[in-house]
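Input: a single structure, listed below in structure tokens.
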Amino acid sequence: MAKLFLMCGIPGSGKTTWALKHISPLEKYVSRDEVRFSMVTENEEYFSKEKEVFKKFTDLINTYLDAGFNVYADATHLNQASRNKLLRAISTKPEEINVIWIKTPLEEALKRNENRKGTRAYVPHSVIRRMYYSIETPSFEEGINKIYIVEDGKPIHIIYPWEGEK
């Protein structure tokens, strides 16, 4: 049975870089931004096809879970509502649901985002700030099995339901 890993973090936190560096060839990576940019042209508004983007994102996740692959779902997943929306939308229930929370200082994320200037991946700094201050810590009440906390310069910290947050 397959596992689902929800990437969690603000734009510029390093979610994509971390996932692509750590997943094995036997696992699958699904990026909501990659799906979006395959459907939305340069001149279209970023959220113009959100329903279609979300459907294709969840369809890809379902396809890979059905085939028995562990799946890394790359989107911000900053609050319980966004995580629950995805979990309700997938029809294939994974063996485990884990969160990989990339906790990056705001200033570092803003600096990384500057390197995206002139690309479709660039996010206005005011949006990143708003998102940073609205993050809701993932909780086991959401049906999550493990929470992996990734911070620069620190070993990965795994929180299990029986331990709780320390």
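Where a number appears in this text, it was derived from the coordinates with a stated rule and is not lab data. This is a predicted model, so every value here is computed, not measured. Virtual Cβ from ideal backbone geometry, glycine too; neighbours counted across all protein chains shown.
Overview of results
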{"read-out": "HN-Hα J in Hz across segment 81-91 - Karplus 6.51, -1.76, 1.60, θ = phi - 60°, x for Gly and Pro", "value": "4, 5, 5, 5, 4, 5, 5, 5, 7, 7, 8"}
{"read-out": "Dipole in debye (nearest 20) - the chain, about Cα centre, beta carbon charges: Lys, Arg +1; Asp, Glu -1", "value": "200"}
{"read-out": "Residue-averaged 222 nm ellipticity for the chain, from DSSP H runs of 4+ at -39500 (n - 2.57), nearest 500", "value": "-10500 deg cm²/dmol"}
{"read-out": "In Hz, Karplus ³J(HN,Hα) per residue of segment 112-129 (6.51, -1.76, 1.60; θ = phi - 60°; x = Gly, Pro)", "value": "4, 4, 4, 5, 9, 3, x, 10, 5, 7, 5, 10, x, 4, 4, 5, 4, 4"}
{"read-out": "Relative contact order of the chain, pairs being alpha-carbon contacts under 8 Å that are 6 or more residues apart, as %", "value": "32"}
{"read-out": "Given charges at Cβ of Lys, Arg, Asp, Glu: the chain dipole, positive-most of Pro138, Ile158, Gly118", "value": "Gly118"}
{"read-out": "Charge tally in the Cβ shell below 10 Å around Trp101, where Lys, Arg are +1 and Asp, Glu are -1, Trp101 excluded", "value": "+1"}
{"read-out": "Residues with amide H under 5 Å from that of Tyr72, placed H, sequence gap 5 or more", "value": "Phe5, Lys28, Tyr29, Val30"}
{"read-out": "Likely footprinting exposure, Tyr148, Tyr72, fewest C-beta neighbours within 10 Å first", "value": "Tyr148, Tyr72"}
{"read-out": "Cα point-scatterer Debye curve for the chain, base-10 log of I(q)/I(0) at q = 0.08 Å⁻¹", "value": "-0.23"}
{"read-out": "DSSP beta bridge pairing in segment 3-159, given as percent antiparallel to the nearest 5", "value": "15"}
